[in-house]
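What follows is a single structure, written as structure tokens, with notes after it.
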Amino acid sequence: MAHFTLSTLARALGALAVSAAAAFAPSPAAAQDPKKADGPILIGHYGSLTGSEATFGQNTSRGIRIAVKEINDAGGIGGRKVELKEYDTQGKTQEAGSAVTRLLTSDKVSALLGEVASSLSITGGKLAQKYSVPMITPSSTNPQVTRIGNMVFRVCFLDDFQGYAMAKFAYDDLKAKKVAILFDQAQTYSKGLAEFFSKSFRELGGKISAEQAFTGGDQDFSAQLTTIRETNPDAIYVPGYYTDAGNIALQVRKLGITAPLLGGDGWDSPKLAEIGGGAIEGSFYTNHYSHQDPRGEVQEFVRKYTETYGQVPDALAALGYDSARVLFAAMKASPTLEGKDLAAAIAATKDFQGVAGTITIDKNRNARKPAVIVEMKGGVPTYRATVQPK
Ligand code: PHE
């Protein structure tokens with residue numbers, strides 16, 4: 001019967017097409033195996049190289065570049081050089097999505113480094129997971145980031161701990177009993193940190209006198225700050241990014257509020273003092289490392305970085321460097337650069353001596369590390385205290 005014959009023929013042709021494709025397409029594992037392939041190993045970085053969080057991406061990139069130069073000077077990985085592909089996210093979700101898609105589908109990188117902002121790492125992390133390519137975020141601290149799946153790692157602490165660290169410092173050291181919060185409702189990072197700080201501070205016996213929200217990029221904070229002023233807080237917690245934090249500090253002082261401002265790692269930028277000027281002096285924030293830490297690893301990195309870039313490295317630079325070095329060590333240890341193998345090698349990272357502390361990746365693909373508290377003094381984040389993980 002004609003119908004029967006045609007469908008049999010179609011099936012036969014289909015089978016032929018499949019086997020032809022299998023014969024001619026290189027297997028992705030072989031194409032990415034450092035021991036079988038030659039040419040450079042491509043790694044991708046996506047970060048905010050422009051926009052109001054520009055120093056995040058720029059300084060992360062600088063840290064990564066120092067690590068890339070070091071590994072290549074030492075002969076590369078399995079005899080292959082490492083080559084960095086990098087795209088700007090402009091600090092925007094949509095741009096982050098296209099940058100990561102491009103790295104995964106057109107550059108076909110073996111691994112991703114990025115982002116800084118948690119919201120953008122969540123966007124990128126979902127794509128990394130979908131394409132089964134490991135991603136290490138150097139500095140995204142919101143708990144949700146690594147919950148995406150087994151391809152997503154971080155080399156920094158998390159915001160439940162960071163919020164606790166500042167709550168404890170405010171309550172114990174600053175003797176603050178009443179704190180107001182002003183957070184960025186558009187950032188997963190900021191919302192999370194506001195919540196974690198509030199919970200820890202209340203558990204310690206403190207009171208949250210007011211909770212107000214803004215949206216990153218806002219220029220006028222007077223309505224929120226007037227409400228906050230009425231509650232006469234001992235301190236104001238502003239878990240936002242540095243451009244907004246600097247602007248908020250200026251308006252806080254203009255309104256005659258003298259209470260110290262408290263922040264999180266999102267404040268860490270050479271631009272904070274530039275924008276905030278005298279208004280940011282005497283404020284405190286939690287951070288991943290201090291360039292004043294006398295440890296050998298830190299001082300050696302500070303020296304190399306300052307020589308190359310003429311600037312003291314901030315936490316982004318240190319964490320960018322650490323994330324790249326953790327990745328390269330895993331690439332060396334992994335039998336292939338195929339996603340599953342490489343992810344397993346990253347997951348096995350133990351007692352890695354980083355600039356921003358010792359890194360052991362736990363079963364949730366996170367690192368557990370102490371936080372430092374710095375105080376803005378003469379425009380310089382100055383070491384004040386260390387808070388150990390709970
Ligand atoms: N932790 C911030 C976030 O998750 C990013 C950040 C890290 C900013 C370190 C500055 C320094 O969004």
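Observations on the structure shown:
- Looking at the chain, the accessible area is 42 square angstrom per residue; that uses a 1.4 Å probe and ignores ligands, DNA and RNA.
- Relative contact order for the chain, counting Cα pairs under 8 Å that sit 6 or more residues apart, in percent: 17 percent
- Top of Ser269, Ser222, Ser139 by mean-square fluctuation, Gaussian network on the chain, Cα under 10 Å: Ser222
- Between Gly114, Gly339, Gly205, the residue with the greatest mean-square fluctuation in the GNM of the chain (Cα pairs under 10 Å linked by springs) is Gly205.
- Overall, the accessible surface of the chain at a probe of 1.4 angstrom is composed of carbon and sulfur to the extent of 55 percent.
- Global form of the chain, assessed from the alpha-carbon gyration tensor, a/c cut-off 1.5: prolate
- Relative contact order of the stretch 144-200, taken over Cα pairs closer than 8 Å and 6 or more residues apart, is 42 percent.
- Computed over the stretch 83-152: relative contact order in percent, which uses C-alpha pairs under 8 Å that are six or more apart: 29 percent
- Of the residues Leu250, Ala37, Ala367, the one whose Cα sits farthest towards the positive end of the charge dipole of the chain is Ala37 (charges of +1 on Lys and Arg Cβ, -1 on Asp and Glu Cβ, taken about the Cα centre).
- Whole-Å distance, taken between Cα centres, linking the stretch 187-259 and the stretch 69-122: 34 Å
- Charge dipole (debye, nearest 20) of the stretch 112-252; +1 at Cβ of Lys and Arg, -1 at Cβ of Asp and Glu: 380 debye
- Positive-end residue, the stretch 339-390 charge dipole about Cα centroid, Cβ charges, pick of Pro389, Ala348, Thr358: Pro389
- All lysines inside 27 Å of Lys175 as judged from Cα atoms, apart from same-chain residues fewer than 8 positions distant: Lys191, Lys199, Lys207, Lys254, Lys369, Lys377, Lys390
- Shape call, the stretch 88-142: gyration tensor on alpha carbons, a/c limit 1.5: oblate
- Heavy-atom accessible area ranking, 1.4 Å probe, most first, across Asp107, Asp184: Asp107, Asp184
- Cα gyration tensor, the stretch 265-390 - rounded (a/c under 1.5), prolate or oblate: prolate
- The stretch 214-258, dipole about Cα centre (Lys/Arg Cβ +1, Asp/Glu Cβ -1), debye to the nearest 20: 140 debye
- Relative to one another, the C-alpha centroids of the stretch 130-181 and the stretch 264-301 are positioned 17 Å apart.
- Nearest-20 debye value, the chain charge dipole, Cβ charges on Lys, Arg, Asp, Glu: 840 debye
The values are calculated or read from the model by the stated rules, or taken from the named source; none is laboratory data. Predicted, not measured: the structure shown is a model, and the values here were computed from it. Neighbour counts are summed over all protein chains in view; Cβ atoms, including those assigned to glycine, are modelled from backbone coordinates with ideal geometry. Accessible surface is based on the protein model in full, side chains and every heavy atom, while ligands, DNA and RNA are left aside. Shrake-Rupley method; radii C 1.70, N 1.55, O 1.52, S 1.80 Å.
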